[in-house]
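Below you'll find the structure, written out as structure tokens, and then a few comments.
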Amino acid sequence: MGDKNLEETISTPGRSSSRRTAIIVVAVVVALAAVGLGTWFALSRPAEPGRADVVRLDKHRVIVDNSMNLYDPLVQQFSGRYSNAISEKAGQPEEEKVLNQDRERIVRESQVNRDRLQQMAESPALQDQEVAESFKRFKDQYGAVIAYNDQLVVNTTNIYRSVGGPCAALHSSLNVAGESYAQDYVKSADECLAALGTAKDGADAETTTLLTAVEAVIRGQRDKQQEVLDSKDTFERLSKSTIAGLALLEINDAFAKAQTTYETATKDKYSKIIESANSSNSEFEGVLKKSLEQFDAASGEGK
Amino acid sequence: MTIEPVRSKRRPVLIALAIAVVVAVVASVVVIALTNFAGQQRRDSLALLKDERLTALTEARDKIQPAVNTYLAAYKKARNVPATREDAEKNSVKERDEFQQAVNSARTALSDVQKGYGDGKEADGIGVAVAQLVDSYQAYLDSMEGLVESYPRFEGLFREDAGCSGLFVGSKAANLRERQTLLTQAAVPCREAVNQLKQSRNISYVEFARTLDNEIAQLESHAETTAKSEENYNEFVRLKDEYVKKIDDATARNAPEAEYLTIADELKALNTRIKNNRSEFDFAAKRYLNGVKDMPTLVEDVFTKNVSAQIKHHDTVIPLRVQVLKDAIDAELAE
């Protein structure tokens, strides 16, 4: 309709004034469109942080906090399946399958949780100084929980791959009284030591300490058995193998010590991380609650 | 003539302006109304998702576990009559169907949740929560279907179906070589059934089948070692008799001392062989017995430990996923 009228005005004589009219019309339409768009924007996202932003941020806080509870069952599932695949020698494709399904699920979980924290960081409610500061602590602490679990998955993979794999045979399936024990032991120990060496890649301090301790124990035993092999006569062989046999008795103590050290260290580390996360969560919750109360008080006064 | 063009020029301009204004106003009103309408529609569908579809999903899941238990009990009862696997499957078909229906309803409820949010493909907070819930819920349904599907195979392992009970040959064999032969014979059909169980959709069966497979291999290897040791031992007894004869012979002949020394050296070597044979035998025999003794526990653990741990896992994860989705919807609906 409008277009037809415009054409008519243009077809009349006096071109300069009709061009001006056209420009005015266009300008008015553009201005109105801008007003329309502006209203739409104003309606859809208020510039000032509102009560809804605080409520939303609080819900996101609950979501992140709840999501942390998923790590335990997911990590347990992964480590159970991976340990079975390794110890029962299910083969490379099965191991890969567990890594791709159950480990990747945890990796994705962490990515989602990081995205959630990032989304919270963009909330308009953070224009409030106190909310922003409290959120920053929350984000740091929960980021640490996520990072801890990511590292846990790496550690679990490395430990099972080595200690649960080639090293497991050393003290379970070799016959100590057997003729070829020393030879078998040295061979298995070398495989185990090679696996322990690669397992340290990407491991954290606690896991590296554990792997190093296990490594030292196995290397000590291996060298003693090597001495048995290197013995020149039966008498020397007998005495060396007695020494090696006695050393073997201490191996369980050495392993138990390494394991206890590892478990205590990781447990302490994790409970500290969880404790800090929990306290940052309740603090953040309190700040958000206060902010909500302020909104409610303000709207109460308005009535 | 001079006024006319001016008039005719101004009037269309005014009309054009008025129309433009009206069109613009109408357009912006329509835009705002449409936005609000779409917004309202989205709010309605989110409220529906949260209040009705998620509740339906939870209720559908509550029916799965009882249906699983009813089926497992019905099958076991039918099988214990006694009946063949085929007959037991026939006689528990009602419970099997009811379980399948429960699973199908749960899958429908799940796809309703997915559809309730644009198939969960959207990458916002709700979309991600929907996708996570779908992943966990589906894993649960698959594992329960696998549990039911492979149960007759699992249950039949130590019956005549697969004949794994043939692995327990101890008392039937006159000597250890016979034990080894009987074991190897029983292991063939048993292994085949175990390998089929490895294809199950339930990981507890798969892991059990892997362990059992390795256990059987261990038993076979220990059976071979002990049989060999027994044969060696008989050989040693024969050799010992020979040496006794040799010494008697040497004494009768009043043989030179060098001959005695040679015999003594040979006897020493024989003793070492006997000692090593004994140690290998003890090692293998002990492990063989432990393997046989632990097998019932291995079977029992599948349900008492592994399946129940698996169910517990899902019982922890799925409600958390539902809660996260509900909170994500609440966040979106916040006013």
>> Cβ contacts < 6 Å: first residue more than 12 Å from B:PRO152 (Cβ to Cβ), restricted to the range B:77-98; second residue open to solvent by 60 Å² or more (accessible area, probe 1.4 Å), any location; separation 6+ or different chain. Result?
In response: B:GLU95/B:THR70
> Which of (1) without any contact (Cβ under 8 Å) to a residue 60 or more places away in the chain; (2) over 26 Å from A:LYS139 (Cβ atoms) is the odd one out, the single condition A:ILE251 does not satisfy?
Replying inline: (1)
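Residue by residue through the range A:224-266, note down the ones that are among the charged types (D, E, K, R) and exposed (fewer than 11 other Cβ atoms within 10 Å of the Cβ).
As a first pass, look at the range A:224-266 and keep what is among the charged types (D, E, K, R): A:224, A:227, A:230, A:232-233, A:236-237, A:240, A:250, A:253, A:257, A:263.
The answer is A:LYS232, A:ASP233, A:ASP253.
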>> Looking at the structure I just gave you, is B:ASP294 open to solvent by 50 Å² or more (accessible area, probe 1.4 Å) and either at pLDDT 90 or above or among the hydrophobic types (A, V, I, L, M, F, W, C) (or both)?
In response: yes
> Do you know which residues across the range B:194-228 are more than 12 Å from chain A (Cβ to nearest Cβ), surrounded by fewer than 20 Cβ atoms within 10 Å (Cβ to Cβ) and in a helix (DSSP H, G or I)?
Replying inline: B:ASN195, B:GLN196, B:GLU220, B:GLU224, B:LYS228
>> For the range B:275-289, give me each residue that is open to solvent by less than 60 Å² (accessible area, probe 1.4 Å) and closer than 15 Å to B:LEU212 by Cα.
In response: B:TYR288
> Got a number for residues in the range A:89-108 being at the interface with chain B (Cβ under 8 Å from one of its Cβ atoms) and closer than 30 Å to A:LEU57 by Cα?
Replying inline: 1
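Starting from residues that are among the small types (Gly, Ala, Ser) and open to solvent by 50 Å² or more (accessible area, probe 1.4 Å), keep the ones in the range B:297-335 and report whichever is farthest from the other protein chains (Cβ to nearest Cβ). Lay out the reasoning, then the answer.
Of the residues in the range B:297-335, the ones among the small types (Gly, Ala, Ser) are B:308-309, B:328, B:331, B:334.
After this cut, where a residue has to be open to solvent by 50 Å² or more (accessible area, probe 1.4 Å) as well, the list is B:308-309.
Values: B:SER308: 13, B:ALA309: 8 Å.
Looking at the filtered set, the residue picked out is B:SER308.
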> If you take the residues of the range A:117-144 that are touching a residue at least 60 places away in the same chain (Cβ under 8 Å) and open to solvent by 60 Å² or more (accessible area, probe 1.4 Å), which of them is nearest to B:ALA334 (Cα to Cα)?
Replying inline: A:GLN127
> Can you tell me which of A:ILE86, A:ILE63 is among the β-branched types (Val, Ile, Thr), in contact with a helix residue (DSSP H, G or I) (Cβ under 8 Å, 6 or more places away or on another chain) and within 10 Å of another protein chain (Cβ to nearest Cβ)?
Replying inline: A:ILE63
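Quick check on the range B:26-47: of everything there that is in contact with a Gly (Cβ under 9 Å, 6 or more places away or on another chain) and of a type outside the set (A, V, I, L, M, F, W, C), which residue is most open to solvent (accessible area, probe 1.4 Å)? Working first, answer last.
Quick first cut of the range B:26-47, residues in contact with a Gly (Cβ under 9 Å, 6 or more places away or on another chain) only: B:27-29, B:31-32, B:45-46.
From what is left, the residues that are of a type outside the set (A, V, I, L, M, F, W, C) are B:28, B:45.
Working: B:SER28: 29, B:SER45: 47 Å².
My answer is B:SER45.
Report whether or not B:GLN138 is surrounded by fewer than 14 Cβ atoms within 10 Å (Cβ to Cβ), within 14 Å of chain A (Cβ to nearest Cβ), in a helix (DSSP H, G or I) and not acidic (Asp, Glu). I'd like the intermediate steps shown before the answer.
Values: surrounded by fewer than 14 Cβ atoms within 10 Å (Cβ to Cβ): yes; within 14 Å of chain A (Cβ to nearest Cβ): yes; in a helix (DSSP H, G or I): yes; not acidic (Asp, Glu): yes.
Yes.
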> Here are B:THR251, B:THR272: which of them is more than 12 Å from chain A (Cβ to nearest Cβ), open to solvent by 20 Å² or more (accessible area, probe 1.4 Å), free of Cβ contacts under 8 Å to residues at least 24 places away in the same chain and of a type in the set (S, T, N, Q)?
Replying inline: B:THR251
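Being in a loop (DSSP other than H, G, I, E, B) and touching a residue at least 40 places away in the same chain (Cβ under 8 Å) is the filter here, so list the residues in the range B:160-180 that pass it.
Going through the range B:160-180, the residues in a loop (DSSP other than H, G, I, E, B) turn out to be B:160-163, B:168-169, B:173-175.
Within the range B:160-180, B:ASP161, B:PHE168, B:ASN175 meet the criteria.
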>> If I ask for residues that are in contact with a Gly (Cβ under 8 Å, 6 or more places away or on another chain) and without any contact (Cβ under 8 Å) to a residue 60 or more places away in the chain, which ones from the range A:53-84 would you list?
In response: A:ILE63
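What about B:LYS286, is it within 12 Å of chain A (Cβ to nearest Cβ) and closer than 30 Å to A:VAL176 by Cα? Before you say what the answer is, go through the steps one by one.
Details: within 12 Å of chain A (Cβ to nearest Cβ): yes; closer than 30 Å to A:VAL176 by Cα: yes.
Taking the combined requirement at face value, the residue satisfies it.
Would you point out the residue of the range B:10-44, among those that are small (Gly, Ala, Ser) and closer than 12 Å to A:GLY36 by Cβ, that is nearest to the chain's Cα centre (by Cα)? I'd like the intermediate steps shown before the answer.
Here is the first cut: in the range B:10-44, the ones small (Gly, Ala, Ser) are B:16, B:18, B:20, B:24, B:27-28, B:33, B:38-39.
From the residues that got through so far, the ones that are closer than 12 Å to A:GLY36 by Cβ too are B:24, B:27-28, B:33.
Working: B:ALA24: 63, B:ALA27: 59, B:SER28: 58, B:ALA33: 53 Å.
Of everything passing the filter in the range B:10-44, B:ALA33 is nearest to the chain's Cα centre (by Cα).
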>> Tell me whether the range A:201-223 contains one or more residues that are open to solvent by 60 Å² or more (accessible area, probe 1.4 Å), under 30 Å from A:LYS267 (Cα atoms) and in a loop (DSSP other than H, G, I, E, B).
In response: yes
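Looking only at the range A:61-94, count how many residues are within 15 Å of B:ASN214 (Cβ to Cβ) and open to solvent by 40 Å² or more (accessible area, probe 1.4 Å). Spell out how you get there, then give the answer.
Keep residues of the range A:61-94 that are within 15 Å of B:ASN214 (Cβ to Cβ), which gives A:83-91, A:94.
Still in the list and also open to solvent by 40 Å² or more (accessible area, probe 1.4 Å): A:87, A:89, A:94.
Residues in the range A:61-94 being within 15 Å of B:ASN214 (Cβ to Cβ) and open to solvent by 40 Å² or more (accessible area, probe 1.4 Å): 3 in total.
The values are calculated or read from the model by the stated rules, or taken from the named source; none is laboratory data. Since this is a predicted model, take the numbers as computed values, not measurements. Cβ atoms come from the backbone with ideal geometry, glycine included; neighbour counts cover every protein chain shown. Heads up: the accessible areas ignore ligands, DNA and RNA and are worked out on the full protein's heavy atoms, side chains in. Shrake-Rupley method; radii C 1.70, N 1.55, O 1.52, S 1.80 Å.
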